[in-house]
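One structure below.
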Amino acid sequence: MAKVTFKEDICKGCQLCTTACPKNIIVMATDRINVKGYHPATVLEMEKCIGCANCALICPDCVITVER
Amino acid sequence: MAIVFEKTKGLTDKETHYCPGCTHGIIHRLVAEVLEELDVLGNAIGVAPVGCSVLAYDYFNVDMHEASHGRAPAVATGIKRAMPNNVVFTYQGDGDLASIGTAEIVHVAHRGEKITTIFVNNAIYGMTGGQMAPTTLIGQKATTCQDGRSKAHSGMPLRVSEMLATIDGAAFVERVSVHNPVEIRKAKKAIKKAFECQIKGEGFSIVEVLSTCPTNWGIAPTESLKWLEANMIPYYPLGNFRTPEEA
Ligand SMILES: Cc1ncc(C[n+]2csc(CCOP(=O)(O)OP(=O)(O)O)c2C)c(N)n1
Ligand code: SF4
Ligand code: SF4
Ligand code: SF4
């Protein structure tokens, strides 16, 4: 079991995390914008997350916390 | 569940001014994580450059000093010589280090100063709007070489790590990249070794980190990672050029 948490308001919408996820479960939340004006990154199918932390490693803005 | 990744205490809470997807942010975090793991956050002193990372003093949770353009190694030399028990590092871009600051970086290595340099090579002048740097690749467009850099006009791009590795006082020289998680893990290992080299008093240490500038390259952040891998790594090969054992 694993979980990722995004501090959505500091996400810059760069999508780097989406390139690093081996499970391809990170998407941009096109239904909302954050205080910076970006669609923030989010995970929809959290049950598929393996807690590898690849997304957090590549995020330039320390948006992501990973639990496992 | 236990936390397996959270923001390091080596960074402040301040949000960075870097453009979306700029890998300066990844490199900051790796340096800060290493300082935290080596337990030197209370003892480290960083020197910030002129360039996009000019505000690095707001982001690293350690004592910081600002230097004028290219002069960070000289400022760091003074700090280290006055306070030899502190861990001293510079963080510099390729315009800062490989152009206006070439003399400083060559001679800090030549003197074997026991400092560590984090050299961010994004093949362009970022802060000032995308002018050609000594590291700009042949054919790469910049505002001061709009048809792409040509060898006839500007020479071949400068390979700083290879050059510094010829200098006896440079104890640790390695080039890494941050375009995917595998390379990010390797980059962190190299940064840790560089700081350990300083702490053991073995001489000057430098890690060149290949980095992206999506804004001035004019390509999206995710495409920039691919551009780096396809274009920069063939000319700037990754790997270690010098370790203390052979120095
Ligand atoms: C003495 C001096 N000359 C020129 C400048 C203008 N200047 C500011 S940043 C910069 C280049 C920065 O490029 P780089 O070191 O590659 O860092 P980046 O912004 O790409 O991270 C220049 C030429 C300056 N501030 N001071
Ligand atoms: S921890 Fe790994 S599997 Fe989970 S979202 Fe991040 S990259 Fe994907
Ligand atoms: S890498 Fe970080 S800043 Fe970029 S989209 Fe993902 S969470 Fe947001
Ligand atoms: S201009 Fe380039 S180097 Fe500077 S913050 Fe933006 S992307 Fe990064």
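Tabulated data
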quantity: Segment B:167-218, residues that are away from ligand 3 (no atom under 16 Å from the Cβ) and under 15 Å from A:P60 (Cα atoms); calculated: B:S177, B:R185, B:A187, B:K188, B:V209, B:L210
quantity: Helices (runs of 4 or more DSSP H) wholly inside segment B:60-157 containing at least 2 residues that are of a type in the set (K, R) and away from ligand 2 (no atom under 16 Å from the Cβ); calculated: B:72-82
quantity: Candidates B:K200, B:K186, filtered to the one that is within 13 Å of chain A (Cβ to nearest Cβ) and free of Cβ contacts under 8 Å to residues at least 60 places away in the same chain; calculated: B:K186
quantity: Criterion (away from every other protein chain (no Cβ under 11 Å) and either at pLDDT below 95 or part of a strand (DSSP E or B) (or both)) met by exactly one of A:V27, A:V66; calculated: A:V27
quantity: Residue match in segment B:8-19 (condition: in contact (Cβ under 8 Å) with a residue 12 or more places away in the chain, touching a Pro at 6+ places or on another chain (Cβ under 7 Å), over 26 Å from B:I199 (Cβ atoms) and at the interface with chain A (Cβ under 9 Å from one of its Cβ atoms)); calculated: yes
quantity: Scope segment A:30-45; condition within 15 Å of ligand 2 (Cβ to nearest atom) and either facing another protein chain (nearest Cβ under 10 Å) or not hydrophobic (A, V, I, L, M, F, W, C) (or both); matching residues; calculated: A:P40, A:T42, A:E45
quantity: Residue list for segment B:33-59, restricted to those being in a loop (DSSP other than H, G, I, E, B) and within 16 Å of ligand 4 (Cβ to nearest atom); calculated: B:P49, B:V50, B:G51
quantity: Members of segment B:77-103 found to be out of contact with any Phe, Trp or Tyr (no Cβ under 7 Å at 6 or more places or on another chain) and of a type in the set (G, A, S), listed by number; calculated: B:G78, B:A82, B:G93, B:A98, B:S99, B:G101, B:A103
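The values are calculated or read from the model by the stated rules, or taken from the named source; none is laboratory data. Just so it is clear, the model here is predicted, and its values are computed rather than measured. Note: ideal-geometry Cβ built from the backbone for every residue, glycine included; neighbour counts use all protein chains shown.
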